Each structure stands twice: as C-alpha cells, then as structure tokens.
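Novice: First the structure, which I've put down as structure tokens, then a few questions once you've had a look.
The values are calculated or read from the model by the stated rules, or taken from the named source; none is laboratory data. Just so we're clear, the structure is a prediction, and the values are computed from it rather than from any experiment. No Cβ is skipped: glycine too gets one built from the backbone with ideal geometry, and neighbour counts run over all protein chains shown. The accessibility values were calculated without ligands, DNA or RNA, using every heavy atom of the protein model including side chains. Shrake-Rupley method; radii C 1.70, N 1.55, O 1.52, S 1.80 Å.
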Amino acid sequence: ESGDKWVLSVTAQTPTNIAVIKYWGKRDEDLILPINDSISVTLDPGHLCTTTSVAVSPAFTHDRIWLNGKEVSLSGGRYQNCLRELRSRATNYEDEKKGIKITKKDWENLRVHIVSYNNFPTAAGLASSAAGLACLVFSLAKLMNVKEDHSKLSAIARQGSGSACRSLYGGFVKWIMGKEENGSDSIAVQLADEKHWDDLVIIIAVVSSRQKETSSTSGMRDTVETSALIKHRAKEVVPKRIVKMEEAIAKRDFPAFSRLACADSNQFHAVCLDTLPPIFYMNDTSHRIISCVEKWNRHEGTPQVAYTFDAGPNAVLISQNRKAATLLLQRLLFHFPPQSDADLDSYVIGDKT
Ligand code: 2P0
C-alpha cells in the first residue's frame, strides 16, 4: 500500500495469571505500586486468554478501543499512562516494500485502534484485566517497535492493572513490590518457566460468571484505609510466605505449595471481611468447595489439591498431576452436579502454563 493509505497491525494473545500469594493493597494508586510482593502461575496459552489486535494508520483520527466488540472510552488515566509510556519509547519503523516509514517523532501524532477479546467472563474475578492489559501493552510495544525487555514492559503493564505485570511471563512469576517512589523497580520477574513444573493441572470451577459487586481497585482501597489485619499481612505474613513459596516452587514441593496457596487465599478473604464495609467475594458454593478439598486433603494425609479464590466466587483448583485432577473432577461433579448441559462448559480444564 502506498501514500497514507496504509495500515500496520499486530495481533497478540496473552493468558491470564492466578496469584498463589495475593496482591491486595496499593501504596500509590496512580502508579499502581503494591504494599507486598505477589507470586502467580500463568496459564497455558489458549485457555482464559485475551487476544488483542492493534493497528496504526495515518487515516486514524483518534486513539480508540473496542472490548469484546463494544467501543469503550480510552480516556481513563490507566490507558493514557500506558499509551504515553509506550509512545515515548517507540522507535523508527520501516517497511520498504510496503512503502511505510514511521520515525520516532511520527509515533507521537499517529493514532492507534485497539480491538480486544476475552475468551472468558470479564470482571467475574477471573483476572480479566491481567490478561487484557498485559496483551495491550505487549502488542502496542511490538507495533511501535519498542525495544525494551519484558521486565520494563511489565512495569508499563503494571500501570494499566497491577496483576497485568505478571502476565508478561509464562510459568511462575513474582511481582516485586519495589522501593522506588517512581515505580521503576516494581516489576515482574520469572521464577521458573512453563516447563519447570508441568505436571500441575489447573481446574477452574466457574461458580458464577456474574460481574463482581466490588471492583478490586475500590475494594483494596477500602481495605488499606480500614483494615488493621492488612498491615499485619503485608508486613509480617507475606514476606515470609514469599520466601517459602519460592522454595516450594523451586523444589516442586506440592504439599508446601498447596498449604501456602490455600492459607494465602484464606487470609486474603479474611482481610476482605476485615474491611469496612466488609467485602464478600466468596459465596456458599465457594465455601463448600473449600470444605470438600480440605476434607479430601486431610483424608489423604498429604495435600492433593490446592484451592485459591480471587476477587470473586470462582474456584481455582490446582492439582499435583493428572491423576489427582481426574479424581478432583469426579468429586466436583458428584458434589456439584451440573444442572444443565451448559453448566458442563463451566468446568474449564487447563494444564498449567
Ligand atoms: C492478585 N487480585 O494478586 C489479586 C488477588 C485479586 C485478588 O490482582 O487496581 O485487577 O488494576 O491493580 O490487578 C486484582 O487486582 O487491580 C488482583 P488493579 P487488579 O491477582
């Protein structure tokens, strides 16, 4: 294509991540700086992921974004921060065959169009913002020829949504809270790649795909303002747990991994209850799933399955291997029989990473 009729585009796909040591609470709301480190597992590509296409053309007059087929406003500070950070790092691009030449300076005036799809319920506590913002930052960085490594990109994705910084890597990922006021050292690092512990099987039991009532952003703000327990958690509990969780992952020690993940999920929900007004993310079904897993693990004498719940009632169940996953599914289907064929789709099964 020639003249100003060209369109240049990039498409990327990013899986979501599930925190096993949770992020909850910010020390800086604009830069999205957390009050503790967190550790997550990134799911396999293809399951619970976001696909994003970004395009640039001299014919575009405004930056625009469509989420799941619907245009939404890009005026929010978070999007704007990501776009600004990426534009300032854009570099020259040239494709002689197509007659496209974009200089670093051009990027400031070129507008982008962004189209993004989730293959799972948005805002039902399944970390849709994590995959979404990571994918947006990654695809725009490719489009704009940004030559930064993944850790720098993670610091940009972080400004879109905290948990997004962890989705830039596969495998096991730590988001280091950092010390700097400008957030430059609040980045994600990979602890182990996707091959390190590939026996793990993650099963997501969708208890409800309804939108959650309290957004993570406002929920954690209320927690930081009103909960005494969060201070104890961030200062005393999480730092020790992070060390132990890193060890458990390095050694593929499933019993330790499971105990730490379950305890951290439970404390996160305890901190939500300790908030004023209290935040209830889990429901009766979530509690029944916890009891069922706890009973089974106790009966076996050693943990077979770990559970973790984010800002919603859906259960993320991590089993040690395929055999344990099969037994878990049997148990789930026995205790929570699907009421319709459609319910069967709710048992999303995916290998880790
Ligand atoms: C996590 N969650 O570590 C925790 C556990 C939910 C429970 O990160 O305000 O959507 O965009 O930084 O990242 C959800 O919080 O919040 C979250 P913002 P985000 O995965």
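Novice: Consider segment 266-299. How many of its residues are loosely packed, with under 13 Cβ neighbours inside 10 Å and closer than 14 Å to R331 by Cα?
Specialist: Going through segment 266-299 one residue at a time, the tally reaches 3.
To keep it simple, each residue is scored yes or no on (1) outside any strand (DSSP E or B); (2) within 16 Å of the ligand (Cβ to nearest atom); (3) more than 19 Å from the chain's Cα centre (by Cα).
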position: V20; (1), (2), (3): no, yes, no
position: W24; (1), (2), (3): yes, yes, no
position: V41; (1), (2), (3): no, yes, no
position: V54; (1), (2), (3): no, no, yes
position: E71; (1), (2), (3): no, no, yes
position: Y79; (1), (2), (3): yes, yes, no
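Novice: Only one of (1) small (G, A, S); (2) modelled with pLDDT of 95 or more; (3) farther than 30 Å from G219 by Cβ fails for A134. Which number is that?
Specialist: (3)
Yes or no, residue by residue, for (1) closer than 15 Å to T14 by Cβ; (2) touching a residue at least 12 places away in the same chain (Cβ under 8 Å); (3) out of contact with any Phe, Trp or Tyr (no Cβ under 9 Å at 6 or more places or on another chain):
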site: I35; (1), (2), (3): no, yes, no
site: T42; (1), (2), (3): yes, yes, no
site: A59; (1), (2), (3): no, yes, no
site: G69; (1), (2), (3): no, yes, no
site: S75; (1), (2), (3): no, no, yes
site: A90; (1), (2), (3): no, yes, no
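Novice: Within the bounds of segment 130-140, is there any residue that is in contact with a Gly (Cβ under 6 Å, 6 or more places away or on another chain) and closer than 26 Å to L328 by Cβ?
Specialist: No, there is no match, as no residue in segment 130-140 is in contact with a Gly (Cβ under 6 Å, 6 or more places away or on another chain) and closer than 26 Å to L328 by Cβ.
Novice: Could you list, in sequence order, all residues of segment 86-99 that are assigned to a strand (DSSP E or B) and either under 13 Å from M144 (Cβ atoms) or in contact with a Cys (Cβ under 6 Å, 6 or more places away or on another chain) (or both)?
Specialist: If the condition is that a residue be assigned to a strand (DSSP E or B) and either under 13 Å from M144 (Cβ atoms) or in contact with a Cys (Cβ under 6 Å, 6 or more places away or on another chain) (or both), then Y93 is the only one that fits.
Novice: Okay, moving on. Could you tell me how many of the residues in segment 206-235 are in a helix (DSSP H, G or I) and aliphatic (A, V, I, L, M)?
Specialist: 5
Novice: Now, a different point. Which one of these is away from the ligand (no atom under 16 Å from the Cβ), open to solvent by less than 10 Å² (accessible area, probe 1.4 Å) and in contact (Cβ under 8 Å) with a residue 24 or more places away in the chain: S167, S184, S139, S151?
Specialist: Exactly one of S167, S184, S139, S151 is away from the ligand (no atom under 16 Å from the Cβ), open to solvent by less than 10 Å² (accessible area, probe 1.4 Å) and in contact (Cβ under 8 Å) with a residue 24 or more places away in the chain, namely S139.
Novice: If you don't mind, another one. Condition test on G171, is it touching a His at 6+ places or on another chain (Cβ under 8 Å) and either at positive phi or β-branched (V, I, T) (or both)?
Specialist: The answer is yes for G171.
Novice: Right, another one. Which is under 24 Å from V7 (Cβ atoms) and either open to solvent by less than 10 Å² (accessible area, probe 1.4 Å) or of a type outside the set (S, T, Y) (or both), of V146, V173?
Specialist: Testing whether each residue is under 24 Å from V7 (Cβ atoms) and either open to solvent by less than 10 Å² (accessible area, probe 1.4 Å) or of a type outside the set (S, T, Y) (or both) leaves just V146.
Novice: Could you go through segment 12-34 and let me know if any residue there is open to solvent by 20 Å² or more (accessible area, probe 1.4 Å) and of a type in the set (V, I, T).
Specialist: For segment 12-34, residues open to solvent by 20 Å² or more (accessible area, probe 1.4 Å) and of a type in the set (V, I, T): absent.
Novice: Can I ask one more? Name the single residue that is nearest to H150 (Cα to Cα) among those in segment 187-205 being in a loop (DSSP other than H, G, I, E, B) and more than 16 Å from the ligand (Cβ to nearest atom).
Specialist: Checking each candidate, the answer is D193.
Novice: Now a separate question. Of all residues in segment 274-304, how many are closer than 14 Å to S216 by Cα and in contact with a Phe, Trp or Tyr (Cβ under 9 Å, 6 or more places away or on another chain)?
Specialist: 2
Novice: Please count how many residues of segment 252-297 are more than 16 Å from the ligand (Cβ to nearest atom), among the aliphatic types (A, V, I, L, M) and more than 21 Å from S208 (Cβ to Cβ).
Specialist: Result for segment 252-297: 2.
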